[in-house]
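Here the structure is laid out as structure tokens; the discussion comes afterwards.
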Amino acid sequence: MRAPSEPLARSAQDLVNAANEVVPPIPLDEAAALLGDDGVLFVDIREPGELERLGTIPGAYRAPRGMLEFWVDPASPYYREALDDGRRLVLFCGSAWRSALAAEALHRMGRTDVTHIAGGFSAWQGAGHPVA
């Protein structure tokens with residue numbers, strides 16, 4: 001058994017780095033250029049409090065991180081057709097850690113048309129891109 005002060009076999013950062021190797025994040029300027037593209041769906045996977053406090057990318061679909069895999073899976077009772085209508089999914093969270101893990105999970109499920117925004121919503125907002 002691991003003592004509380006011992007390091008983990010893999011850190012959270014290790015997991016994020018590995019996920020980014022599978023699904024590299026798209027640069028912020030490339031993501032911004034996709035805004036308004038009918039073939040792209042921005043997906044906000046942040047917690048409700050973050051969304052309420054900071055806003056979101058205009059037109060983003062809200063899909064909580066804890067439900068994302070279930071909402072994407074047509075065999076799930078929680079399936080959401082909006083996440084499976086042929087559009088490329090561009091995920092984002094606050095700083096691109098959760099979105100990296102989520103993009104990798106969806107990629108493993110077979111959604112190879114998924115990516116996430118480098119730097120997340122913090123970078124988006126910091127660059128002065130539109131916020132709703």
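The values are calculated or read from the model by the stated rules, or taken from the named source; none is laboratory data. Note that the structure is predicted; figures quoted are calculated from it, not measured. Quick reminder, even Gly has a Cβ in these numbers, built from the backbone with ideal geometry, and neighbours come from all protein chains shown. Only protein heavy atoms, including side chains, enter the accessible area calculation; ligands, DNA and RNA are left aside. Shrake-Rupley method; radii C 1.70, N 1.55, O 1.52, S 1.80 Å.
So that you can scan it fast, the table gives a plain yes or no per residue for (1) of a type in the set (Val, Ile, Thr); (2) at pLDDT below 95; (3) under 10 Å from the mean Cα position of the chain (by Cα):
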position: LEU83; (1), (2), (3): no, no, no
position: VAL90; (1), (2), (3): yes, no, yes
position: CYS93; (1), (2), (3): no, no, yes
position: TRP97; (1), (2), (3): no, no, yes
position: ALA102; (1), (2), (3): no, no, yes
position: HIS107; (1), (2), (3): no, no, no
position: THR115; (1), (2), (3): yes, no, yes
position: SER122; (1), (2), (3): no, no, no
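In this structure, does PRO7 turn out to be of a type outside the set (Ser, Thr, Tyr), in a loop (DSSP other than H, G, I, E, B) and within 21 Å of GLN125 (Cα to Cα)?
Values: of a type outside the set (Ser, Thr, Tyr): yes; in a loop (DSSP other than H, G, I, E, B): yes; within 21 Å of GLN125 (Cα to Cα): no.
Here the answer is no, as PRO7 does not meet what is asked.
Answer yes if at least one residue in the stretch 62-83 is part of a strand (DSSP E or B), in contact with a strand residue (DSSP E or B) (Cβ under 9 Å, 6 or more places away or on another chain) and more than 16 Å from ALA32 (Cα to Cα), and no otherwise. Yes, some residue in the stretch 62-83 is part of a strand (DSSP E or B), in contact with a strand residue (DSSP E or B) (Cβ under 9 Å, 6 or more places away or on another chain) and more than 16 Å from ALA32 (Cα to Cα).
Of a type outside the set (Ser, Thr, Tyr), outside any loop (DSSP other than H, G, I, E, B), on the phi < 0 side of the Ramachandran plot and in contact with a helix residue (DSSP H, G or I) (Cβ under 6 Å, 6 or more places away or on another chain): does that describe LEU51?
On the way: of a type outside the set (Ser, Thr, Tyr): yes; outside any loop (DSSP other than H, G, I, E, B): yes; on the phi < 0 side of the Ramachandran plot: yes; in contact with a helix residue (DSSP H, G or I) (Cβ under 6 Å, 6 or more places away or on another chain): no.
The answer is no for LEU51.
So how many residues does the stretch 34-58 have that are open to solvent by 60 Å² or more (accessible area, probe 1.4 Å) and over 14 Å from the mean Cα position of the chain (by Cα)?
Within the stretch 34-58, the subset open to solvent by 60 Å² or more (accessible area, probe 1.4 Å) is 36-38, 47-48, 52-54.
In the following step, the residues that additionally are over 14 Å from the mean Cα position of the chain (by Cα) were identified as 36-38, 48, 52-54.
Count: 7.
When the stretch 29-45 is examined, which residues are found to be part of a loop (DSSP other than H, G, I, E, B) and out of contact with any Ser or Thr (no Cβ under 8 Å at 6 or more places or on another chain)? Those that are part of a loop (DSSP other than H, G, I, E, B) and out of contact with any Ser or Thr (no Cβ under 8 Å at 6 or more places or on another chain): LEU35, GLY36, ASP37, ASP38, GLY39.
Any residue that is in a loop (DSSP other than H, G, I, E, B), touching a residue at least 12 places away in the same chain (Cβ under 8 Å) and β-branched (Val, Ile, Thr) - is there at least one of those in the stretch 118-132? Scanning the stretch 118-132, I find at least one residue that is in a loop (DSSP other than H, G, I, E, B), touching a residue at least 12 places away in the same chain (Cβ under 8 Å) and β-branched (Val, Ile, Thr), so the answer is yes. Checked against the criterion of being hydroxyl-bearing (Ser, Thr, Tyr), open to solvent by 70 Å² or more (accessible area, probe 1.4 Å) and over 14 Å from ASP113 (Cβ atoms), the stretch 59-78 has at least one qualifying residue.
Could you list, in sequence order, the residues of the stretch 1-33 that are of a type in the set (A, V, I, L, M) and either farther than 23 Å from ARG108 by Cβ or surrounded by fewer than 13 Cβ atoms within 10 Å (Cβ to Cβ) (or both)? Correct list: MET1, ALA3, LEU8, ALA9, ALA12, VAL22, LEU28, ALA32, ALA33. Given the criteria out of contact with any Asp or Glu (no Cβ under 8 Å at 6 or more places or on another chain) and on the phi > 0 side of the Ramachandran plot, does ALA96 qualify? Answer is yes for this residue.
Search the stretch 117-132 for residues being surrounded by 18 or more Cβ atoms within 10 Å (Cβ to Cβ) and of a type in the set (A, V, I, L, M, F, W, C), and hand back the single one that is farthest from ALA18 (Cα to Cα).
Within the stretch 117-132, the first condition is being surrounded by 18 or more Cβ atoms within 10 Å (Cβ to Cβ), and the residues that meet it are 117-121, 123-124.
With the extra rule that they be of a type in the set (A, V, I, L, M, F, W, C), the set shrinks to 117-118, 121, 123-124.
Numbers: ILE117: 16, ALA118: 15, PHE121: 21, ALA123: 21, TRP124: 23 Å.
The extreme case among them is TRP124.
Of everything in the stretch 92-116, what is over 17 Å from ASN17 (Cβ atoms) and not in a loop (DSSP other than H, G, I, E, B)? Give them in sequence order. Write out each step before concluding.
Looking only at the stretch 92-116, we keep the residues that are over 17 Å from ASN17 (Cβ atoms), and these are 92, 94, 106, 109-114.
Matches in the stretch 92-116: PHE92, LEU106, MET109, VAL114.
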